[in-house]
Amino acid sequence: MDPSALTEALAIADGAASVSDAAAALRARFASLRVVVVDAFDMRGEPLAAQGSRRQLHYGASDGHCWTVTADAAQAAGLFIADRA
């Protein structure tokens, strides 16, 4: 995911009324990415891709079966989204 797309994704996420609405909007805009709602508590210690005033995004990488959190935008096949901790 390139930096301008990440900036756009964070703006979409922060602008939504709820984390569920944010995920739906991100899925609509970035159809090729998986978007998964997670609890911020579960993401503590994981690298952030971006953090806004209301939401936080983490890159998700997949080997085709298992998902992991990554700091590498080039590996991002999805986004984990949570309300900001």
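The values are calculated or read from the model by the stated rules, or taken from the named source; none is laboratory data. Note that this is a predicted model, so its numbers are computed, not measured. Cβ: placed from backbone, ideal geometry, glycine included. Neighbour counts: every protein chain shown.
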Legend entry - Identity of the residue in region 1-28, at pLDDT below 95 and in a loop (DSSP other than H, G, I, E, B), that ends up nearest to Gln75 (Cα to Cα): Met1
Legend entry - Complete set of residues in region 29-48 that are among the hydrophobic types (A, V, I, L, M, F, W, C) and either assigned to a loop (DSSP other than H, G, I, E, B) or in contact with a helix residue (DSSP H, G or I) (Cβ under 9 Å, 6 or more places away or on another chain) (or both): Phe30, Ala31, Leu33, Val35, Val36, Val37, Val38, Leu48
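Would you tally the residues in region 9-48 being acidic (Asp, Glu) and closer than 17 Å to Gly60 by Cα?
Let us first name the residues in region 9-48 that are acidic (Asp, Glu), namely 14, 21, 39, 42, 46.
Still in the list and also closer than 17 Å to Gly60 by Cα: 39, 42, 46.
The number of residues fulfilling the criteria is 3.
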Legend entry - Only one of Ala28, Ala50 that is farther than 14 Å from Asp14 by Cα and either touching a strand residue (DSSP E or B) at 6+ places or on another chain (Cβ under 9 Å) or free of Cβ contacts under 8 Å to residues at least 60 places away in the same chain (or both): Ala28
Legend entry - Test: Ile12 is among the aliphatic types (A, V, I, L, M) and touching a residue at least 60 places away in the same chain (Cβ under 8 Å): no
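Which one is surrounded by the fewest Cβ atoms within 10 Å (Cβ to Cβ) among residues in region 49-84 that are acidic (Asp, Glu) and part of a loop (DSSP other than H, G, I, E, B)? Please lay out each step first, then the result.
First pass over region 49-84, keeping only residues acidic (Asp, Glu): 63, 72, 83.
Add one more test, that the residue is part of a loop (DSSP other than H, G, I, E, B), and what stays is 63, 72.
On the way: Asp63: 8, Asp72: 10.
Ranking the candidates gives Asp63 first.
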